[in-house]
Amino acid sequence: MDVATENPVDAEEIDESDIVERIFEAVIEQRLPPGTKLSESALCEAFGVGRMRIRRSLLLLASREVVELHANRGAFVASPTAEQAREVFEARLALEPNIARLAVQRATEKDIAVLNRHLEMEYVAHKERHRHDAIRLSGQFHTLMAQIAGNAVLIRTMKELVTRTSLIIGIFGAPGVSNCRDDDHAAIVGAFHTRDAEKAAWMMTLHLRHIENHLQLGAKTTDSVDLVQLFARP
(Lines give C-alpha, C1' and ligand atoms only; values in the text may rest on other atoms or scores of the structure.)
Protein backbone atom coordinates (compact mmCIF):
# COMPACT_ATOMS: atom_id res chain seq x y z
CA MET A 1 0.00 0.00 0.00
CA ASP A 2 1.28 3.49 -0.87
CA VAL A 3 1.08 5.32 2.44
CA ALA A 4 1.37 8.65 0.62
CA THR A 5 -2.17 8.29 -0.75
CA GLU A 6 -5.48 8.16 1.07
CA ASN A 7 -7.07 4.78 1.53
CA PRO A 8 -10.90 5.17 1.75
CA VAL A 9 -11.28 2.17 4.04
CA ASP A 10 -8.56 3.33 6.45
CA ALA A 11 -9.90 6.89 6.31
CA GLU A 12 -13.20 5.64 7.73
CA GLU A 13 -11.39 3.88 10.57
CA ILE A 14 -9.41 6.81 11.97
CA ASP A 15 -9.73 10.56 11.52
CA GLU A 16 -7.66 13.56 12.49
CA SER A 17 -9.14 13.82 15.99
CA ASP A 18 -8.11 10.21 16.78
CA ILE A 19 -4.59 10.80 15.49
CA VAL A 20 -4.30 14.09 17.38
CA GLU A 21 -5.45 12.53 20.65
CA ARG A 22 -3.11 9.55 20.39
CA ILE A 23 -0.08 11.75 19.68
CA PHE A 24 -1.20 14.18 22.40
CA GLU A 25 -1.50 11.35 24.95
CA ALA A 26 1.93 10.00 23.99
CA VAL A 27 3.40 13.46 24.67
CA ILE A 28 1.55 13.85 27.98
CA GLU A 29 2.67 10.39 29.11
CA GLN A 30 6.24 11.23 28.05
CA ARG A 31 6.43 8.37 25.56
CA LEU A 32 7.28 11.00 22.91
CA PRO A 33 10.19 13.06 24.27
CA PRO A 34 10.46 16.78 23.47
CA GLY A 35 12.34 17.42 20.25
CA THR A 36 11.32 14.10 18.66
CA LYS A 37 11.01 14.40 14.88
CA LEU A 38 7.54 13.35 13.72
CA SER A 39 8.25 11.79 10.36
CA GLU A 40 5.22 12.00 8.07
CA SER A 41 6.05 8.71 6.36
CA ALA A 42 6.43 6.89 9.68
CA LEU A 43 3.14 8.33 10.98
CA CYS A 44 1.39 7.36 7.73
CA GLU A 45 2.59 3.80 8.20
CA ALA A 46 1.71 3.75 11.90
CA PHE A 47 -1.84 5.05 11.50
CA GLY A 48 -2.52 3.56 8.05
CA VAL A 49 -3.57 6.87 6.50
CA GLY A 50 -2.30 9.25 3.83
CA ARG A 51 -0.03 12.25 4.12
CA MET A 52 -2.79 14.87 3.97
CA ARG A 53 -4.48 13.38 7.01
CA ILE A 54 -1.20 13.36 8.93
CA ARG A 55 -0.44 16.94 7.89
CA ARG A 56 -3.85 18.15 9.07
CA SER A 57 -3.30 16.35 12.37
CA LEU A 58 0.11 17.96 12.83
CA LEU A 59 -1.39 21.39 12.11
CA LEU A 60 -3.98 20.80 14.83
CA LEU A 61 -1.28 19.74 17.27
CA ALA A 62 0.76 22.81 16.35
CA SER A 63 -2.26 25.00 17.16
CA ARG A 64 -2.20 23.45 20.66
CA GLU A 65 1.56 24.13 20.88
CA VAL A 66 2.28 20.43 21.29
CA VAL A 67 4.12 20.28 17.96
CA GLU A 68 6.46 22.75 16.30
CA LEU A 69 6.48 23.00 12.49
CA HIS A 70 9.75 24.07 10.84
CA ALA A 71 9.97 24.96 7.15
CA ASN A 72 12.03 22.45 5.16
CA ARG A 73 12.66 20.41 8.33
CA GLY A 74 9.26 18.99 9.26
CA ALA A 75 7.38 18.55 12.53
CA PHE A 76 8.88 18.05 15.99
CA VAL A 77 7.45 17.55 19.46
CA ALA A 78 7.64 20.96 21.15
CA SER A 79 10.82 21.53 23.15
CA PRO A 80 10.45 24.36 25.68
CA THR A 81 13.47 26.33 26.88
CA ALA A 82 14.48 26.79 30.52
CA GLU A 83 13.03 30.31 30.44
CA GLN A 84 9.73 29.00 29.05
CA ALA A 85 9.71 26.40 31.82
CA ARG A 86 10.00 29.14 34.42
CA GLU A 87 7.17 31.05 32.76
CA VAL A 88 4.91 27.99 32.81
CA PHE A 89 5.41 27.49 36.53
CA GLU A 90 4.96 31.21 37.13
CA ALA A 91 1.58 30.95 35.38
CA ARG A 92 0.60 27.83 37.30
CA LEU A 93 1.52 29.40 40.63
CA ALA A 94 -0.58 32.43 39.73
CA LEU A 95 -3.63 30.36 38.75
CA GLU A 96 -3.79 27.00 40.48
CA PRO A 97 -3.92 28.00 44.14
CA ASN A 98 -7.02 30.02 43.35
CA ILE A 99 -8.43 27.17 41.26
CA ALA A 100 -8.01 24.89 44.28
CA ARG A 101 -9.67 27.52 46.48
CA LEU A 102 -12.66 27.82 44.13
CA ALA A 103 -12.89 24.04 43.75
CA VAL A 104 -13.19 23.54 47.53
CA GLN A 105 -15.84 26.24 47.75
CA ARG A 106 -17.90 24.77 44.91
CA ALA A 107 -17.32 21.01 45.28
CA THR A 108 -20.30 18.75 45.80
CA GLU A 109 -20.14 15.47 47.69
CA LYS A 110 -20.11 13.74 44.31
CA ASP A 111 -17.09 15.83 43.27
CA ILE A 112 -15.23 14.81 46.42
CA ALA A 113 -16.05 11.17 45.76
CA VAL A 114 -14.61 11.56 42.24
CA LEU A 115 -11.42 13.02 43.72
CA ASN A 116 -11.14 10.11 46.16
CA ARG A 117 -11.48 7.58 43.32
CA HIS A 118 -8.86 9.48 41.33
CA LEU A 119 -6.45 9.32 44.27
CA GLU A 120 -6.97 5.57 44.47
CA MET A 121 -6.09 5.18 40.79
CA GLU A 122 -2.98 7.32 41.25
CA TYR A 123 -1.93 5.28 44.27
CA VAL A 124 -2.26 2.01 42.34
CA ALA A 125 -0.34 3.41 39.35
CA HIS A 126 2.53 4.53 41.59
CA LYS A 127 2.54 1.34 43.68
CA GLU A 128 2.60 -0.90 40.61
CA ARG A 129 5.11 1.39 38.88
CA HIS A 130 2.91 2.05 35.88
CA ARG A 131 4.77 5.25 35.04
CA HIS A 132 2.73 6.24 31.98
CA ASP A 133 -0.53 5.84 33.88
CA ALA A 134 0.88 7.79 36.83
CA ILE A 135 1.89 10.68 34.57
CA ARG A 136 -1.47 10.75 32.79
CA LEU A 137 -3.44 10.62 36.05
CA SER A 138 -1.33 13.30 37.71
CA GLY A 139 -2.10 15.69 34.86
CA GLN A 140 -5.78 14.81 34.98
CA PHE A 141 -5.87 15.67 38.69
CA HIS A 142 -5.04 19.28 37.93
CA THR A 143 -7.59 19.62 35.14
CA LEU A 144 -10.13 17.95 37.43
CA MET A 145 -9.55 20.79 39.91
CA ALA A 146 -10.54 23.29 37.22
CA GLN A 147 -13.58 21.23 36.28
CA ILE A 148 -14.79 21.21 39.89
CA ALA A 149 -14.13 24.95 40.08
CA GLY A 150 -16.66 25.19 37.25
CA ASN A 151 -14.78 27.55 34.95
CA ALA A 152 -14.49 26.59 31.28
CA VAL A 153 -11.72 29.14 30.60
CA LEU A 154 -9.63 27.73 33.44
CA ILE A 155 -10.20 24.17 32.21
CA ARG A 156 -8.79 25.04 28.77
CA THR A 157 -5.90 26.93 30.32
CA MET A 158 -5.05 24.07 32.67
CA LYS A 159 -5.04 21.53 29.84
CA GLU A 160 -2.50 23.67 28.00
CA LEU A 161 -0.35 24.21 31.09
CA VAL A 162 -0.41 20.50 32.00
CA THR A 163 0.72 19.63 28.47
CA ARG A 164 3.55 22.13 28.63
CA THR A 165 4.57 20.87 32.06
CA SER A 166 4.80 17.31 30.77
CA LEU A 167 7.12 18.51 27.98
CA ILE A 168 9.17 20.46 30.51
CA ILE A 169 9.55 17.44 32.82
CA GLY A 170 10.43 15.32 29.80
CA ILE A 171 13.38 17.66 29.14
CA PHE A 172 14.42 18.87 32.57
CA GLY A 173 13.09 16.27 34.99
CA ALA A 174 15.57 14.43 37.17
CA PRO A 175 15.71 10.63 36.66
CA GLY A 176 12.65 8.98 38.13
CA VAL A 177 10.67 12.23 38.49
CA SER A 178 7.08 12.20 37.21
CA ASN A 179 4.66 15.10 37.02
CA CYS A 180 3.37 14.87 40.59
CA ARG A 181 3.58 12.99 43.88
CA ASP A 182 0.32 11.27 44.77
CA ASP A 183 0.73 12.10 48.47
CA ASP A 184 0.76 15.82 47.58
CA HIS A 185 -2.55 15.30 45.82
CA ALA A 186 -3.90 13.45 48.86
CA ALA A 187 -3.03 16.44 51.06
CA ILE A 188 -4.92 18.76 48.70
CA VAL A 189 -7.96 16.47 48.65
CA GLY A 190 -7.83 16.36 52.45
CA ALA A 191 -8.68 20.08 52.43
CA PHE A 192 -11.86 19.27 50.49
CA HIS A 193 -13.02 16.99 53.29
CA THR A 194 -12.59 19.76 55.86
CA ARG A 195 -13.85 22.44 53.44
CA ASP A 196 -10.68 24.44 54.05
CA ALA A 197 -10.24 26.46 50.86
CA GLU A 198 -7.20 28.37 52.11
CA LYS A 199 -5.41 25.16 53.06
CA ALA A 200 -6.11 23.74 49.60
CA ALA A 201 -4.66 26.87 47.98
CA TRP A 202 -1.54 26.71 50.18
CA MET A 203 -1.00 22.98 49.61
CA MET A 204 -1.29 23.55 45.86
CA THR A 205 1.36 26.28 46.08
CA LEU A 206 3.74 23.97 47.96
CA HIS A 207 3.03 21.16 45.49
CA LEU A 208 3.87 23.24 42.43
CA ARG A 209 7.01 24.63 44.02
CA HIS A 210 8.12 21.07 44.83
CA ILE A 211 7.77 20.05 41.19
CA GLU A 212 9.61 23.14 39.91
CA ASN A 213 12.41 22.77 42.46
CA HIS A 214 13.12 19.23 41.28
CA LEU A 215 13.71 20.26 37.68
CA GLN A 216 17.23 20.42 36.28
CA LEU A 217 16.85 23.50 34.11
CA GLY A 218 20.37 23.26 32.72
CA ALA A 219 19.96 19.79 31.25
CA LYS A 220 18.30 18.42 28.13
CA THR A 221 17.68 14.86 27.03
CA THR A 222 16.48 13.57 23.66
CA ASP A 223 15.73 9.91 22.96
CA SER A 224 14.97 8.41 19.58
CA VAL A 225 11.51 6.89 19.18
CA ASP A 226 10.20 4.31 16.73
CA LEU A 227 6.94 6.00 15.71
CA VAL A 228 5.61 2.97 13.84
CA GLN A 229 6.09 0.71 16.85
CA LEU A 230 4.68 3.36 19.21
CA PHE A 231 1.43 4.04 17.34
CA ALA A 232 0.73 0.96 15.23
CA ARG A 233 -2.20 -1.01 16.58
CA PRO A 234 -1.59 -4.70 17.39
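The values are calculated or read from the model by the stated rules, or taken from the named source; none is laboratory data. Just so it is clear, the model here is predicted, and its values are computed rather than measured. FYI the Cβ positions are ideal-geometry reconstructions off the backbone, even for glycines, and counts take in every protein chain you see. Accessible surface is based on the protein model in full, side chains and every heavy atom, while ligands, DNA and RNA are left aside. Shrake-Rupley method; radii C 1.70, N 1.55, O 1.52, S 1.80 Å.
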Original post:
Which of the following values of Cα Rg over 2.2 N^0.38 Å was calculated from the structure shown: (1) 1.08; (2) 0.93; (3) 0.98?
Top reply: (1)
**OP:** With θ set to phi - 60°, apply the Karplus curve 6.51 cos²θ - 1.76 cosθ + 1.60 along the range 63-68 and write out the HN-Hα couplings as whole Hz, x wherever there is a Gly or Pro.
**Re:** 5, 8, 6, 8, 10, 10
Original post:
Cα-based Rg of the range 33-96 per 2.2 N^0.38 Å, rounded to two decimals?
Top reply: 1.35
**OP:** Give, rounded to the nearest 20 debye, the magnitude of the charge dipole that the chain has about its Cα centre when Lys and Arg contribute +1 at Cβ and Asp and Glu contribute -1 at Cβ.
**Re:** 540
**OP:** Run the accessible area of the chain with a 1.4 Å probe and give the carbon-and-sulfur part as a rounded percent.
**Re:** 51
Original post:
Residue by residue, what Karplus-based ³J(HN,Hα) values in Hz, rounded to whole numbers, does the range 127-142 have, using 6.51, -1.76 and 1.60 with θ = phi - 60° and x for Gly and Pro?
Top reply: 4, 8, 6, 8, 4, 5, 5, 4, 5, 4, 5, 5, x, 4, 4, 6
Subject >> Charge dipole of the chain about the Cα centre (unit charges at C-beta), most positive-ward option of ASN213, SER57, PHE24 >> reply: ASN213
